[in-house]
Structures are given as C-alpha cells and as structure tokens.
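Just so you know, all these numbers are worked out from the coordinates, no wet-lab data involved. Only a predicted model underlies this, so the values are computations on that prediction, with no experimental measurement involved. Cβ: placed from backbone, ideal geometry, glycine included. Neighbour counts: every protein chain shown.
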Amino acid sequence: MLEITKINRSFGARQVLTDVSFDVPGGRITGFVGRNGAGKTTTMRIVLGVLTADSGEVRLNGALLTPADRRRFGYMPEERGLYPKMPVAEQLVYLARLHGLSQRAARHNTTDLLAKLELSDRAGDKVETLSLGNQQRAQIAAALVHDPQALILDEPFSGLDPLAVDVVLSVLRERAAAGVPVLFSSHQLDIVEQLCDDLVIIADGTIRAAGPRDELRDRYAGTTYQATFGTDAGWLRDQPGITVTDFDGPNVIFDAGSPEAAQSVLAAAVARGPVLSFSPRRPRLAEIFKEVIQ
Amino acid sequence: MTTTPAATSSLTAPAATPGLSFGQAVRLIAEREIVTRLRSRAFQVSTGIMLLAALAGVIAGGALGGRASTTTVAMVGDVAAVQQASGLAVRHVDSLAEATTLVRAGTVDAAVVADRSSPAGIRIIADESSPDALVAALSVKPDVSLLDPPRIPSGLRYAAAFGFALIFLMSSATFGGTIAQSVVEEKQTRIVEILISAISTRTLLTGKILGNSLLAFAQVVVTGAFAVIGLSVTGESATLSLLGAPIAWFVIFFVIGFVLLASMFAAAASLVSRQEDIQATVTPVTMLVMIPYFLVIFFHDNSLVLTIMSYVPFSAAVGMPLRIFLAEASWWEPLLSLLILIAGTIGVIIVAAKIYGNALLRTGAKISVREALRSSGVD
C-alpha cells in the first residue's frame, strides 16, 4: 500500500497542493481524477520523487520511500517520450538497467514485453520509425520493463488508439492482480468509472473525495430514488415534499427529501398497484465529480 | 483482457534485484552517450577530418621548414669569398658576358665577379631582385653573443600556439555542442522525466559530462598520436622533444578545462526546451571557448596577455601549455594554474548542477539563469 500523507507544495507564491492525503492500496486500481491544473501531475511527480514536497510524506508498506524504492516504480509521464534515434529493444534494456535490473534480467523482460505487446519484429528499429500506435506501445513497455513494485500512470489513456487502450487496461489489471498498487490519473471519467476500484478526486490542490468507488457512490446517493411502477407514475408529482427530476410513463426519478418520505412513497405506490422496481439512485462518477469539486 | 498468472509471472524479474550505485548509473549513462555518438555519422566524419588535418599539418610543416635552399652562382675567375661560402652551387664561366647571359636565362640565380671599385672587392649581378641569401652569405658579419637566446623559432612558436588553440577550440565546440544537443533532446522528447524518476539529475549530468569528456579526450589523444607519428615520420624529432612536456600539460589542462566547459554547456542547454532555441543560451558559452582561441592568435608573442590567459580557467588549457613550451613559466606556475582551474571547475559544476536540476522539468519558453537557480517550479 502506498500512503500519501499531508503533502503540501507551492510554486513561488502559488500553493498548488494543500494537505493532500490518500492511499493507493495494493492489488487495486486507483483512479485519480481532477480538472487540468488541479494538481494531479504535481502529486504524481512528488510520489515519484521527480519533484520534492514542501512538507508531507509518502510511505510504501509503512516505510518512508527511499530512492531505491522509487527506482522500482513504473512511471508513465503525461508528456510521452523516448529517445527517437535509439532502437526500441536497446532503449528498453537501457531503461530497465537504469531502474536497477541486471543486464540479463533487463534483456529477458524486454523480450517478453515486446512479444506481449506484439512489437517483437520492430525490436531493432529506431523509435522514430514506428507508427504512432506502436510508439505508444513502446512507451507502455518503458513503464513496465523493470517489473515495477508500484505503477504511477499520468493520463495513460489520452491519445491512445482503441487497441492500445485495451493493452493498457489488461496490463493494469494484471499488475493489480499481482498485488501492485496502481495509480492512474485521467480526465475521462467514463473510463475511470469503468476501470477503477478506488477513486481520488482532487480540485484546486485539495482532495475532495477518496475511497472505494461503490462506497463513494452510496455516500453521494443522497435521497434520490428511481422507481418503475406498473402504471403511469404521474401522481407522484402531486405528492407534497417530493421533487420529480425525471419522468417517463411508469419510470420516475425523484428526490424524496428523507428516507422516511421515500418509504411513504413506496407504501403509496404499492397501494396504487404493482411496483416493479424501487431503489436509491447511485450517482454516476460525473455527477459526484461535479458535486464535490464545487 | 485476460489476467492469467502465467502472463504475470512471465514479466517478473528475479526477486532480489541488485541496487544501482551512483557509479554504475553514471557508467550506464556515459556508455549510452558514447555509443550514440560513435554511431552518429556526423561524429565519424568530423573525427576523420580532424585526423587528416593533424597529419597534413605536420607533413606540410615539415616539408616547408625542412627545405634546404641552394643558390647557384656563376663565377668569373676565382673569387675567394665565394669559395669560402657554404650553400652555393658554383659554376665557372670565362667572361662577364657569359655570366650575364646565364643570369638572364635563369640558369643561375646570380653571377659574382671581382670588382676592385667595390668596397667588398666583388660585385653581384642578378636579374630582377637583389639575392639576399647570397649577399648575406658573402658578407662579413660581426659575431653576436646573445645573453638570452630564444629556443623557439618564431614560426614554430606560432604553429604551437595555433595548434593548441585549434585543438581546444575544435574539441570544446564540437563536444560542447553535442552535450548541449543531447540535453535538449532529452528535454524536448520528455524522456527526461522517466530518466529522473529512476536516477537523480546529478547522476544524469555526471554521466553525460563523463561520456562526452571521455570521447573528447580520446579524440584529442588520437589526434595527438597522429601528430607525433607525423613528426617522427618527417624526421622532426627535435620539435617532438620540445613539445613533449607541453603536450602532457595540455592533456591535463584539457581534461579538466573540458569538464568545466561541458558543465556550462549542459546547464545552458537545460534552460531551453527545443533544439531551435539552443543557440540563444549556448552562444555565450561558445564565446568563452572562442576567446582563448583569438587571444592566442593575436597575442601569441605578448607575454603579459599569455601570462594572464594561463591563469584564467577558460583559457588556461591553451595559455599554460604554450608558456611551458616557450619556457616562460616557472615550475610552480602550471601547478598554481591547475589548482585555480580545478577550484573554478568545482564551483561551476555546483552551480551548473543546480541550474540543470531545476530547469529540466520546465518546458516552454526559455528560462533565465536567475529563475533556474531560484526554484524548480513546474506547472
């Protein structure tokens, strides 16, 4: 588990991170969401030691991170890049060795990874001669080639073609399944919602919400319910204290104001006829996001 | 999207991965710099040109310097002075008219006849210009005793000054430019962020400087070897013995002076994010390389300027070996100058490492040195 505790950082007079704290549990995928400039990249750079924090600490499995720990992290920066004139395989071996692997282990991992990413036949080619899609795969390989203990990926899906998205998804899941903490940032909320187990929402340099995805959805469900009746639900609009937000024949979404009021609605509905479904409405990530960043 | 254990384990390296020491990381980086450079066509061509130039320079110098000139002279009758003079090819002729014809035809350089009306007792007849060498050979000269004879002929003095300065200029400009480009390449392609997530900026900077310095050093040594081979092939071993100590000092000063310049090139280049902007920050450093070059060419016989130059870190690599070659430096002077150079280099490395470390992640417009020294602000 990666623990980030009370990180502060300012650039000159501008405070960009204020008491940022959250956990990235091993074996789970954590999505890091926020607008551009909210502090995602700065936070990730601090976790990786590329930037230093003004205060606060980062721990891995309870111990403060050392440069040796960080060397075993896998990082995919938002700004992609490899040496354009260096052959793919040679470059991956070089990066793996900089991360502390022996020559043999570096070669072994490079060969495996290239095969997995279907790049084996381009191993000896310069990066600049690869197609954009293959360059993206090489970039993913660069983050994974040293068999990282933790993965930090900044916007790993931006600019990826659909095939590469699948590759990244499978790789992230595989890494998480192996017990590695995986943190990735994104502004594509639908992908985050679909993929991640845990969520961290940041705005203006402060953490607005953090925790397991489903827990967060429950927490922000409020007193909104959705129901499907056997007959037209139009009568609900005349109930005192009930706000109908969406209505289409037998389907209705409404804010009851309190759980008790919701129970009264249910009782009234059952008295009128069949009730096919009745449940609290879990908000989508985009809705939670809109709510918490205000 | 399968999550099979087999796929996972296939990526797993041996559990106990040996750590990477500072030295090992520096070596890896230096190695990459060297291999990349050796593969580059531009480097191969420029090295070839430098070697050929060194060889050609030595051979041409030997051919020009070693040409022994003989003057052919037509002599009417017997002239004692001509018979005693050396370096003359004498041709006996019977009459003044015959001698004049030979001079006009260019068969001989001049004619010498006895002439009682001349104070020297002889007259020289030449075609268009006065044959100075012959006049000198036939003149009676008083003996001169020099209290402080110069050991080095002025032509050689100039050649040595020019040679040291040229090698320093070529290597510094070539490899300084290479370091600058390689720093900007890493910044422009953004791979630098991956690199410094694995190693410190200090390690990266050290590796880059070491790799390029080793290459520059190797190039100078090979060029020097070519010059030495050239000198011994053309039989200029006397020159060689004069140059031995200065060349050794030059190498020592060059190595340290190059590290100094390399650090400055790296720091200057880290201030920009695109190859197109590189000239703006690298030019001032290039000027620091050019200054010793021009000072040497213009002031190679001005001992005050040379003395000052031999202590200024940027020009010591050229100035001090030259003064040693000219036997103008006391034994302690190169040592003092070396100390100043080392201290200056350490100081520059500290400042350069700070600029480099702070500027690496800042992309976009050019950053000022003051900004880079103040903070590593990244947006």
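Spin-label pair B:Val305-A:Asp19: with each label point 7 Å from Cα along the Cα-Cβ axis, the two points sit 6.8 nm from one another.
Distance between the modelled labels on B:Glu128 and B:Ala280, one decimal in nanometres: 5.8 nm (7 Å Cα→Cβ projection).
Determine the relative contact order of chain A: mean sequence separation of Cα pairs under 8 Å and six or more apart, normalised by residue count, in whole percent.
This gives 21 percent for chain A.
Among A:Ser158, A:Ser131, A:Ser21, the largest mean-square fluctuation in a Gaussian network model of chain A (Cα springs under 10 Å) belongs to A:Ser131.
Taking 7 Å steps out from each Cα toward its Cβ at B:Ala53 and A:Ser120 produces label points 4.9 nm apart. Between the beta carbons of B:Ala225 and B:Ser117, assuming R0 = 60 Å, the FRET efficiency works out to 0.45 to the nearest 0.05. Expressed to the nearest 5 percent, the antiparallel share of DSSP beta bridges inside the protein assembly as shown is 60 percent. Overall, the anisotropy analysis places region A:198-243 in the prolate class: the square-rooted eigenvalues a ≥ b ≥ c of its C-alpha gyration tensor yield a/c not less than 1.5, with a/b exceeding b/c.
Estimated translational diffusion coefficient (Stokes-Einstein, Kirkwood radius over Cα pairs, 25 °C, 0.890 mPa s) of chain A: 114 µm² per second. Distance cut-off 28 Å, Cα to Cα: go down the list A:Lys85/A:Lys116; A:Lys126/B:Lys354; A:Lys6/B:Lys366; A:Lys116/A:Lys290; A:Lys126/B:Lys187; A:Lys290/B:Lys187 and report the pairs above it. Beyond 28 Å: A:Lys126/B:Lys354; A:Lys6/B:Lys366; A:Lys116/A:Lys290; A:Lys290/B:Lys187.
Between region A:19-54 and region A:114-137, how many Å separate their Cα centres? Going from one Cα centre to the other spans 29 Å.
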